[in-house]
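Here the structure is laid out as structure tokens; the discussion comes afterwards.
Every number here is computed from the coordinates shown, using simple stated rules; none is lab data. Worth saying up front: this structure is predicted, and the values here are computed from it rather than measured. Positions of Cβ are backbone-derived with ideal geometry, glycine not excepted, and every protein chain shown enters the neighbour counts.
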Amino acid sequence: MAIRLIVSFNIVPGKGADFMRAFAPVIAEVRAEAGCEQYELFSNPEEPDHVVLLERWSDQASLDAHSAASRARGPSPTTPFRRGGTIMERYDM
């Protein structure tokens, strides 16, 4: 069963482009992971300080491996550009 994650980020005002640039290498790396069917970042043109990451994983094992790989990467390069926490929604498909 595929898994969809929708992750919402609030960005420090005026730092949306910096956030997107910092996230670009992570996106390239994650897209190469086994079971990754989608990993895309979208900015909201009406609310430039709000960004959404859409993820789709083929199964729970792939998502678990991704989570372990993310922890191994260490701190996110986007942390300095975030304001507040993230919101993650999970949907089984």
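Label 7 Å along Cα→Cβ of Ala24; segment 37-53 residues with amide nitrogen under 17 Å?
The answer is 40-43, whose backbone nitrogens lie closer than 17 Å to the label point.
Using just the Cα positions, wrap the chain in a convex hull and report its mean projected area in square nanometres, one decimal place.
5.7 nm²
Which far-off residues, 5 or more places away or on another chain, put their amide H under 5 Å from the one on His50, with H placed in the peptide plane?
Under 5 Å from the amide H of His50: Ile11, Asn44.
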